1. Which length gain, in nm to one decimal place, applies between residue 6 and residue 41 when the Cα-Cα distance is subtracted from 0.36 nm times their residue separation?
2. Go through segment 56-94 and name the chymotrypsin sites (Phe, Trp or Tyr not before Pro) that are in a DSSP coil and have 11 or fewer other Cβ atoms within 10 Å of their Cβ.
3. What's the extension gain from residue 71 to residue 89 if we count 0.36 nm per residue and subtract their Cα-Cα distance?
4. Relative contact order for the chain: what is it in percent, counting Cα pairs under 8 Å that are at least 6 residues apart?
5. Pairs on different chains or at least eight residues apart, Cα atoms closer than 18 Å: how many lysine pairs in the chain fit?
6. For the chain, modelled as a GNM with alpha-carbon contacts under 10 angstrom, which of 82, 26, 69 fluctuates the most?
7. Please rank 6, 15, 39, fewest neighbouring Cβ atoms within 10 Å first, as an exposure proxy.
8. Considering amide H positions built from the backbone, and no H for Pro or chain starts, which residues 5 or more places from residue 73, or on another chain, come under 5 Å of its amide H?
Amino acid sequence: MKAPDRLVDTNLIVRHLVQDHKEHSKVASLLFAASDAGRLSLVVLPTVLAESTKLHFVDCLVAAQAVEKAIPIATFDKGISKFSDVTVSVEAEGES
């Protein structure tokens, strides 16, 4: 049985990533957890990520891919720290 779809707006994504509003962040995180568990399918339109004025579109795309694929981001952009579930690493493999 296919999980029901839910279109997601930018503010829900931002609340989940930034965790800056206690009530909204909790609800957003519950929706993402339901999606992770397969109970809900969150649908994010590409233009939704461009709506935010405090986060850059490309940063949102990179952060989303990093989280989905569990890959650290190599960046010097301090704004990436707004995404609490993103890891930043600028270390080269084999570097000591």
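We did not get these values from a lab; they are worked out from the coordinates using the rules stated. Since we're looking at a predicted model, the values are computed, not measured. All Cβ positions, even for glycine, are placed from backbone atoms using ideal geometry, and neighbour counts span all protein chains on display.
1. Working: separation 35, 0.36 × 35 = 12.60 nm, distance 0.61 nm.
Extra length from residue 6 to residue 41 when fully extended: 12.0 nm.
2. On the way: sites: 57, 76, 83; in loops: 76, 83.
Those that pass, being in a loop and sparsely packed, are 76.
3. Numbers: separation 18, 0.36 × 18 = 6.48 nm, distance 0.95 nm.
Taking 0.36 nm per residue and subtracting the Cα distance, the gain is 5.5 nm.
4. Values: 96 pairs, mean separation 24.8, N = 96.
It rounds to 26 percent for the chain.
5. Working: 22/82; 26/82; 54/78; 54/82.
Lysine pairs satisfying the spacing and distance rule in the chain number 4.
6. Evaluated over the chain, the most mobile residue of the options is 69.
7. Exposure proxy ranking, most exposed first: 39, 6, 15.
8. Sorted by chain and number, the residues that satisfy this are 87, 88, 89.
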